[in-house]
1. Can you give the calculated 222 nm mean residue ellipticity of chain B, where each DSSP H run of n ≥ 4 adds -39,500 (n - 2.57) and the sum is split over every residue, rounded to the nearest 500 deg cm²/dmol?
2. So which residue, out of A:Leu313, A:Leu20, A:Leu107, gets the largest mean-square fluctuation from a GNM of chain A using Cα contacts under 10 Å as springs?
3. Just to confirm the filter: which GluC sites (Glu not before Pro) across the range A:1-104 are DSSP coil and have at most 11 other Cβ within 10 angstrom of their Cβ?
4. Just report the Cα centroid separation between the range A:303-327 and the range A:330-347, whole Å.
5. Determine, for A:Asp48, B:Asp52, A:Asp136, A:Asp301, the number of other Cβ atoms within 10 Å of each Cβ, and report the residues in order from fewest to most.
6. To check my understanding: the extent here is largest minus smallest coordinate of the Cα atoms along each principal axis. What are those three numbers for the range A:1-141, in Å, largest first?
7. Test of understanding: given chain B, find the longest segment containing no GluC sites (Glu not before Pro) that are in a DSSP loop and have at most 14 other Cβ atoms within 10 Å.
8. Do any trypsin sites (Lys or Arg not before Pro) in the range B:21-95 lie in a loop, going by DSSP, with at most 16 other beta-carbon atoms within 10 Å of their beta carbon, and if so which?
Amino acid sequence: MKGKPLVSIISAGLSKFGKLEGLYAREIFAEAAKEAYDRCPNLDPKKDVKALFVGHMGEAYEHQGHTGATVADWAGLLHIPATRTENACASSGAALRAGIFAVLSGLCEVVMVGGVEKMTHRTTPEVTEFLAMASDFPFEQWHGITFPGLYALMATAHMHKYGTTEEQLAMVAVKNHHNGFLNPKAHMQREITLEKALSSRVIAWPLKLYDCSLITDGASCLIIAKPEIAKKYTDMPVHIIGSGQASDSIGLYERESLTSLIAAKIAAKQAYDMAGVKAGEIDIAEVHDCFTIAEIIAYEDLGFCKVGEGGKLIGSGETRLEGRLPVNTSGGLKSKGHPVGATGTAQAYELYLQLTEQAEKRQVKDTKMGLAHNVGGSGATATVHIFKRGV
Amino acid sequence: MSEQTSFNIEQFYKHINQGKLMGGKCKRCGEIHLPPRPLCAKCFSKDFEWVDVPQRGKLLSYTIIHVAPPQFQQMVPYAVGIIQLERGLKIPGMIRDVEHEKIRIGMKLAINFDTSAVQSQWPQWPRYYFKPC
């Protein structure tokens, strides 16, 4: 059973990521849906798509909840069962998993999963407050601990325990900005220097502006199908062969470790075991770099390097586009942007492009196996999915 | 619910208002919950007693916040950390009355209570903070 496709991705769509002035979440989602329809001419969306799961974190941004029905209608899928999943920044990783369950249940053969967030019309303090809602209110938010603050606590602890440096953190930003520079849909298509990253203003020491992901508008979606019928729709399916999800205490302070996300480690183990794949067999990965330290911790939690050696791995250059294991070829949350609800399926979109050789300027050669790591909040939720080229 | 059975966050902050840091100790398995909970996450018992939690501990990690939500904007930059109390319990909070450059992982801190700014609207919680001791 190991390595058997759970579902197959038959199409995918991504809106432009960035400051999409004058556009509402539902309208941005429609842009992603349209791309997915256009990529798959054999799909009749109204007839074939039997359910929608959409990740969306915050109704505060647009004063709009009830996202499932809203975006289903705007995607031209009126009347299908549509459900919002909310797991903070892992909302669409959870939507993907819900879609996999729907297909595996036998109830639906074709499902749309995706995510959306509209953020840039609000002020930075407002966004800071809304994002903090993904953390513990009575003990973290109440005492002024922000979201960057939580990852800064992890960074300080990692630096103290393993000798990780601010330069190594900045190297994650430089790498991901280089990749985002090659991605026409990225929010910030701009190369940055190490010096620029290190001299940017402090947000939550030791994290500076360029250690933080962007406040971005965007939407993403995938069309997933029962593997047996995928060929009806496309000659180039991408199979999902492993899926894991785990949770942890909402408060960072309650957790076993400040330098590792236990939920991510559990989710990764589940996904690797299901896929029958080891970390060393992964050719390409999209990891949740909401802050630069998060990518370094992800390397360790996913088994890409030994515990404590994440800083060394970024320094080695092996995770660059031309390296042994390219990570965040899309530019990551750092440069492509982080419309929180859209991020999980946006990672899957990038792997879909890479594994079907449609990633243009940032295409990595000969990739067979990809991994996506999507984290909610400061690590109270994590999902990990493993993708395999279908042909 | 009688006060004796209210092992919850509301009651935790009522104790803070009285200058007390208290956790809920499970009478069955002995686990101390900080903050207190109505259901023991270890053994599912609902039988608790209040215990004083050590008010001193050491700093596990910290950060200096420069960008804050609107209600904290006037305080930036400020320090926050996670403090390991003497019996292994952990609690986050602000670190005050110390120059930021002098904050170090492992430094000894003690809790202080600030009940001056309790609001009339929810949540009517006081605040606590840590300072060197």
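Where a number appears in this text, it was derived from the coordinates with a stated rule and is not lab data. These numbers come from a predicted model, not from an experiment. A quick note on method: Cβ atoms are made from the backbone with ideal geometry, for glycine too, and the neighbour counts reach across all protein chains shown.
1. Values: 1 runs with 9 residues, N = 133.
Roughly -2000 deg cm²/dmol at 222 nm, from the helical runs in chain B.
2. Its mean-square fluctuation being the largest, the pick is A:Leu107.
3. Details: sites: A:Glu21, A:Glu27, A:Glu31, A:Glu35, A:Glu59, A:Glu62, A:Glu86; in loops: A:Glu21, A:Glu59, A:Glu62, A:Glu86.
Those that pass, being in a loop and sparsely packed, are A:Glu21.
4. 20
5. Working: A:Asp48 20, B:Asp52 10, A:Asp136 23, A:Asp301 29.
In increasing order of surrounding Cβ atoms, one gets B:Asp52, A:Asp48, A:Asp136, A:Asp301.
6. 45, 37, 25
7. That gives B:1-85 as the longest site-free run.
8. Working: sites: B:Lys25, B:Lys27, B:Arg28, B:Lys42, B:Lys46, B:Arg56, B:Lys58, B:Arg87, B:Lys90; in loops: B:Lys27, B:Arg28, B:Lys42, B:Lys46, B:Arg87.
Passing sites in the range B:21-95 are B:Lys27, B:Arg28, B:Lys42, B:Lys46, B:Arg87.
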